[in-house]
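Chemist: I'd like to ask some things about the structure below.
Each reported figure results from applying straightforward, stated rules to the coordinates on display, with no laboratory input. Bear in mind that the values here come from a model prediction, so they are computed numbers and not experimental data. Cβ atoms come from the backbone with ideal geometry, glycine included; neighbour counts cover every protein chain shown.
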Ligand code: NAI
């Protein structure tokens, strides 16, 4: 089939395998040239390792100095007569191939990470490939739904403000347009469901499962990703349903830290900067902030994407010295450069000037769109997108 970008609002409905391979190769090249991860973990479990921060952490730990073996869990779609398959599917395929070429173990487990069945499969894989133990567990799920194990009904997250409605702007990648949206406040039920899907409960279930199966190695750490952002993003993020779930995740990190203390290990919520990923472009009213931030940080020369954030996290914060670098709430802050007052001053100024007719000139919309296309294997100059792709070779 010929695979072209199909964008539905802010969701990509197609993905190009060769472009996904290119995106991974570019990230590998970056980490090989960056500051090395010294004293890194050797056996890593990544829950949500097929795209965004999870994939970047997998690439950084395998190719960026630590030479880690990895098991990754993700929920991705294979190509079929109905469609091209998801980017994460091809990312898994090519990551595995490239890691094998480097002599590393790379296991992909495709299925619902919330389920007991997948947790059991992972324990088995740890037994088979990691001699029974892991040194680091990265929790990097971004999901809209989670099945309630007791009833089978779905909890559905709702990205909404709490208390009052908000009006903000979203950039529609399909039509390259600035679109004003008003979001009503979440109901209590919606806020609770978002906490169930994106809060810390499942992270804790994973760690409990690994403790019960004796799969935690001495010194094992676990991290999960969070976002805080500047004040202008608080109504939709920190003070909204997602923020409430993230606060729950932060609290879970303290509970898990106590449990892992028995193994001389630690648990940290890791606060990242705003990045373009499949999950983040979906957050209403956040994209104007992202293009203003990208513009400012690129001009300053300190812009980072997922891969730069993850390489810096492991090389300088988590495994960078005697002590893990945390703030007074025990959070690892990868948003330090984003939230620098000098950066935020410029972003605020830019945002105050930006509107539906000038956002492409003032903000880095071109960079935002390019990254989004790249995430799905599109927008690479060296790939001829009018060539036929034989997707059968990806289906075993
Ligand atoms: P992403 O959408 O790129 O990746 C999500 C991963 O979760 C994929 O590997 C996907 O296959 C997997 N997944 C989703 N549902 C699953 C399920 N039921 N079972 C198994 N795997 C499943 O998302 P991104 O942006 O990398 O997000 C990861 C985490 O980082 C999230 O918790 C997010 O809130 C957080 N974060 C993201 C930031 C951003 O700007 N993108 C900033 C700070 C934190």
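Chemist: Please compute the length gained on full extension between residue 101 and residue 231, using 0.36 nm multiplied by the number of residues separating them and subtracting their Cα-Cα distance.
Modeler: Here the segment from residue 101 to residue 231 would lengthen by 42.3 nm.
Chemist: Which order results if 30, 289, 227 are arranged by neighbouring Cβ count within 10 Å, fewest first?
Modeler: Placing the least packed residue first, the sequence is 30, 227, 289.
Chemist: Rounded, prolate or oblate, given the Cα gyration tensor of the chain, with a/c below 1.5 counting as rounded?
Modeler: Cα axes put the chain in the rounded bin.
Chemist: Name the shape class, rounded, prolate or oblate, that the alpha-carbon gyration tensor gives for segment 285-350, where a ≥ b ≥ c are the square roots of its eigenvalues, rounded holds for a/c under 1.5, and otherwise prolate holds if a/b is larger than b/c and oblate otherwise.
Modeler: prolate
Chemist: A follow-up question, please. Taking the Cα of residue 302, stepping 7 Å toward and past its beta carbon, and measuring to each backbone N in segment 214-250: which are under 12 Å?
Modeler: Output list for this probe position: empty.
Chemist: For segment 151-180 and segment 239-292, what is the centre-to-centre distance using only Cα atoms, to the nearest Å?
Modeler: 18 Å
Chemist: Continuing with this model, one more query. Arranged by the count of other C-beta atoms within 10 angstrom, fewest first, what order do 371, 214 take?
Modeler: Neighbour counts put them in this order, fewest first: 214, 371.
Chemist: Suppose we keep just the DSSP beta bridges with both residues in segment 7-394; what percent of those would be antiparallel, to 5?
Modeler: Given both bridge residues lie in segment 7-394, the antiparallel proportion sits at roughly 30 percent.
Chemist: So how much slack lies between residue 348 and residue 117, counting 0.36 nm per residue of separation and subtracting their Cα-Cα distance, in nm?
Modeler: Difference between extended and current length: 78.5 nm.
Chemist: Sticking with this one: As a footprinting exposure proxy, order 120, 364 by other Cβ within 10 Å, with the fewest listed first.
Modeler: 120, 364
Chemist: Determine, for each peptide in 267-277, 231-241, the mean count of other beta carbons within 10 angstrom over its residues, then list the peptides with the highest first.
Modeler: In descending order of packing, they fall as 267-277, 231-241.
Chemist: If the chain between residue 328 and residue 395 were fully stretched, how many nm would it gain, using 0.36 nm times the residue separation less the Cα-Cα distance?
Modeler: Gain on stretching residue 328 to residue 395: 19.3 nm.
Chemist: Assuming R0 = 56 Å, can you tell me the calculated FRET efficiency for the pair residue 34 and residue 164, based on Cβ-Cβ distance, to the nearest 0.05?
Modeler: After rounding, the FRET efficiency stands at 0.85.
Chemist: Which whole-number percent gives the relative contact order of segment 116-223, counting Cα pairs below 8 Å spaced six or more residues apart?
Modeler: 37 percent
Chemist: Counting pairs of alpha carbon atoms under 8 Å apart in space and at least six apart in sequence, what relative contact order in percent does segment 98-179 give?
Modeler: Result for segment 98-179 is 13 percent.
Chemist: Suppose a student asked you for the relative contact order of the chain, using Cα pairs under 8 Å spaced at least 6 residues apart; what percent would you report?
Modeler: 22 percent
Chemist: What's the FRET efficiency of residue 148 with residue 388 using the Cβ-Cβ distance as r and R₀ = 56 Å, to the nearest 0.05?
Modeler: 0.80
Chemist: Turning to a different aspect of this structure: With a cut-off of 18 Å, note down the residues of segment 313-336 whose backbone N falls inside the zone around a label point 7 Å from the Cα of residue 254 toward its beta carbon.
Modeler: Output list for this probe position: 326-333.
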